[in-house]
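The values are calculated or read from the model by the stated rules, or taken from the named source; none is laboratory data. Remember, it's a predicted structure, so these values are computed and weren't measured experimentally. As a convention, Cβ positions derive from the backbone with ideal geometry for all residues, glycine included, and neighbour counts pool all protein chains shown.
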Amino acid sequence: MVRILIADNNIELCRILEEFLNRQQDMEVIGLAYNGEQALEKIQEALPNVVILDLTMPQLDGIGVMERLQSMELSRRPRIIILTAFAKDDMVRLLTDMGADYFIVKPFDLEVLVDRIRQFAPHSDLTFVKEDKSSYYASHGHEPEILITELLHHMGVPPHFKGYTYLREAVLMVCRNRRLMGGGLSKELYPRLAEKYGTTVGGVEAAIRNAINSAWRKGNKEFVEGLTGSLSWPEAEDRLPTNSLVIAKLADRISLELRAG
């Protein structure tokens, strides 16, 4: 049984990975860490075989974790699979020198991740591999969920907000049925979300608005501007994009990513 620790500050992505990996007969997720300090504590306490490590985490990032691991006295060293949105050559060389075994570029196919965990588990003969990003776009049932999770993470939408869940589900619904946008959010999409989550149409609209506002004011405003084209709006330096625009653009981005594969 391969014992796996997931270290990523994206709570929703951790949940998806945990559920998927635990369904594998030969794998067990023995812990989740949402920052680098937690990751180091759990590595020392639980002694995982494999650590799935995100580079961008609070308190201590992935590079900091790798630096500290080099000086830790462990009975066995875990294999390290690095998750990153940008696999630059100089960063790859640095982390490889620190002991990283494999790099996987976000967004990725869950089946590919499982294959690599099996390949790089401690009983395997290890050779360093850097996979090309394009290979992760093979058709897979979980891929839209991974893509929207990563996009919301880049936006800086807090995962604990109700609007995060509503926005995520709204985009997935539109990806499955584009006519929902044509029918209007208040007539088609919001009522479906309200029924699914046991709330009101107004509650759904307000929660999504609050999530977008949080990303705009406290998250990654540049990402939201680039996504929605807000930078080109005349006299719109601080105008919050509408719910419908954000939902439509997120769905468009996912569709483009899927077609790219």
For this session: Kindly list the number of the only condition in (1) over 21 Å from residue 256 (Cβ atoms); (2) of a type in the set (A, V, I, L, M); (3) surrounded by fewer than 21 Cβ atoms within 10 Å (Cβ to Cβ); (4) at pLDDT 80 or above that fails for residue 126.
Result: (4)
For this session: Report the residue count in the range 103-117 for those that are outside any helix (DSSP H, G or I), buried (at least 19 other Cβ atoms within 10 Å of the Cβ) and among the hydrophobic types (A, V, I, L, M, F, W, C).
Result: 3
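Conditions (1) in the same structural domain as residue 13 (by TED's automatic domain parsing); (2) in contact with a Gly (Cβ under 8 Å, 6 or more places away or on another chain); (3) not β-branched (Val, Ile, Thr), marked per residue:
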site	(1), (2), (3)
37	yes, no, yes
64	yes, yes, yes
79	yes, no, yes
89	yes, no, yes
103	yes, no, yes
109	yes, no, yes
114	yes, no, no
Exercise. How many residues, within the range 6-31, are surrounded by fewer than 19 Cβ atoms within 10 Å (Cβ to Cβ) and either touching a His at 6+ places or on another chain (Cβ under 8 Å) or over 20 Å from residue 101 (Cβ atoms) (or both)?
Worked result: 9
Problem set entry | Subset of the range 54-80 (residues that are part of a strand (DSSP E or B) and either over 20 Å from residue 1 (Cβ atoms) or of a type in the set (D, E, K, R) (or both)) | 54, 79
Problem set entry | Count of the range 74-90 residues which are surrounded by 17 or more Cβ atoms within 10 Å (Cβ to Cβ) and at pLDDT below 80 | 1
Seminar exercise, completed: Here the residues within the range 177-197 that are in contact (Cβ under 8 Å) with a residue 24 or more places away in the chain and part of a helix (DSSP H, G or I) are 181, 185, 189, 193, 196, 197
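Residue-by-condition table, conditions (1) of a type in the set (A, V, I, L, M); (2) free of Cβ contacts under 8 Å to residues at least 60 places away in the same chain; (3) within 25 Å of residue 153 (Cα to Cα):
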site	(1), (2), (3)
8	no, no, yes
24	no, no, no
50	yes, no, yes
55	yes, yes, yes
77	no, yes, no
82	yes, yes, yes
Exercise. Hey, any hits in the range 198-205 for a residue that's hydroxyl-bearing (Ser, Thr, Tyr) and either touching a residue at least 60 places away in the same chain (Cβ under 8 Å) or not assigned by TED's automatic domain parsing to the domain that holds residue 224 (or both)?
Worked result: no
Exercise. Being over 26 Å from residue 143 (Cα atoms), in contact with a helix residue (DSSP H, G or I) (Cβ under 7 Å, 6 or more places away or on another chain), modelled with pLDDT under 95 and of a type outside the set (A, V, I, L, M, F, W, C), is that true of even one residue in the range 57-66?
Worked result: yes
For this session: Go through (1) over 11 Å from residue 5 (Cα atoms); (2) part of a helix (DSSP H, G or I) one by one and return the number of the condition residue 39 breaks.
Result: (1)
